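A short write-up of the structure that comes next.
The values are calculated or read from the model by the stated rules, or taken from the named source; none is laboratory data. Keep in mind that this is a model prediction, so the values were computed, not measured. A quick note on method: Cβ atoms are made from the backbone with ideal geometry, for glycine too, and the neighbour counts reach across all protein chains shown. Surface accessibility is based on the protein's heavy atoms, side chains included, excluding ligands, DNA and RNA. Shrake-Rupley method; radii C 1.70, N 1.55, O 1.52, S 1.80 Å.
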Amino acid sequence: MTQQELIEKFISLSEGKLTTHEWMNWFTDHKDTVEKICGRTAFLKIKPKESFSAIRNVYIGQLGAFDWLQSVKIDTTFSELYKKDWEKEFDNFCKVEKQKEKQLQQDIENKFGYLKDIYPKFFRQLTKSYSHSDIIEAGLQQEFILNKEKELSIQLPEDLIIWYRNISNLKLEGLEIDFQELSTRTIQKKQYLIMGEFWLYGDGDQLLYSLENQNIYIFAHEHSPPKIIKIANSLCDFVEKKMVTYLREYES
């Protein structure tokens, strides 16, 4: 392919005379020559991106081709066709995503609406952070809690019972609280309940509930030496403040 042939193709693209299929096929067949003639910088501006749609790629290619033509003093017209097609595609995409978000929020309301009276801040954050990859399973009947108390030979505090009566299993990114895994652990002569894991300081950090003062701690095992770090005054504070802040920061 000669430089003149490339110029003619770029002019056709700039004037909106090529279909997306024609442009993408042509570029694939001649990309090495395009880079050789136009240079690396211009080539990267014109080159289709794998994450972009076909219409967005043809619009990006048109912008790059037009700029290169201008740089070599070749005048041509610039069609708005590809831009309008891409804007229409993007607008449709936004509408679909908005509908998905609306449906997800409705699903959250249907599944977890009962939490708004118990953990209102946590519920509100769920409407913003929850995804289908997250797991939140409904609470347990009292008999299962009584059986766990017998298994551990302890009486669970009221705030823990309220949590497990409403949520038996919670798995979010970096945070897991599963009733089935609830166990006891003595650290530095103090007894804790291992509620699950909260990767606030390192992967695999355990989430601890103090049976002495009902505070919430993390066992930061990657510290040297490992240390117990207090993160909330109560389970309610942990859910309504620490978890909400964590989810909000993770979301952003």
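Points worth noting:
- Within segment 139-148, the set of residues being open to solvent by 30 Å² or more (accessible area, probe 1.4 Å) and of a type in the set (D, E, K, R) comprises just one member, E143.
- S183 modelled with pLDDT of 90 or more, of a type in the set (S, T, Y) and in contact with a helix residue (DSSP H, G or I) (Cβ under 6 Å, 6 or more places away or on another chain): no
- Residue list for segment 201-218, restricted to those being open to solvent by less than 30 Å² (accessible area, probe 1.4 Å) and of a type in the set (A, V, I, L, M, F, W, C): L207, L208, I216, I218
- Number of residues in segment 160-199 that are assigned to a strand (DSSP E or B) and either within 25 Å of the chain's Cα centre (by Cα) or under 17 Å from D134 (Cβ atoms) (or both) equals 14.
- Some residue of segment 136-156 being in contact (Cβ under 8 Å) with a residue 24 or more places away in the chain, touching a Lys or Arg at 6+ places or on another chain (Cβ under 6 Å) and within 20 Å of R248 (Cα to Cα): no
- Residue in segment 96-104 that is under 30 Å from K171 (Cα atoms) and touching a residue at least 24 places away in the same chain (Cβ under 8 Å) present: yes
- So N92, is it among the polar types (S, T, N, Q), over 19 Å from I194 (Cβ atoms) and surrounded by 14 or more Cβ atoms within 10 Å (Cβ to Cβ): no
- Given (1) surrounded by fewer than 19 Cβ atoms within 10 Å (Cβ to Cβ); (2) at pLDDT 95 or above, number of the condition A65 does not satisfy: (1)
- Residue in segment 26-40 that is in contact (Cβ under 8 Å) with a residue 40 or more places away in the chain and polar (S, T, N, Q) present: no
- Residue selected from segment 200-225 under the condition under 26 Å from the mean Cα position of the chain (by Cα) and not in a strand (DSSP E or B), by the criterion nearest to E240 (Cα to Cα): L200
- Filter result (open to solvent by less than 40 Å² (accessible area, probe 1.4 Å) and among the charged types (D, E, K, R)) within segment 160-200: D178
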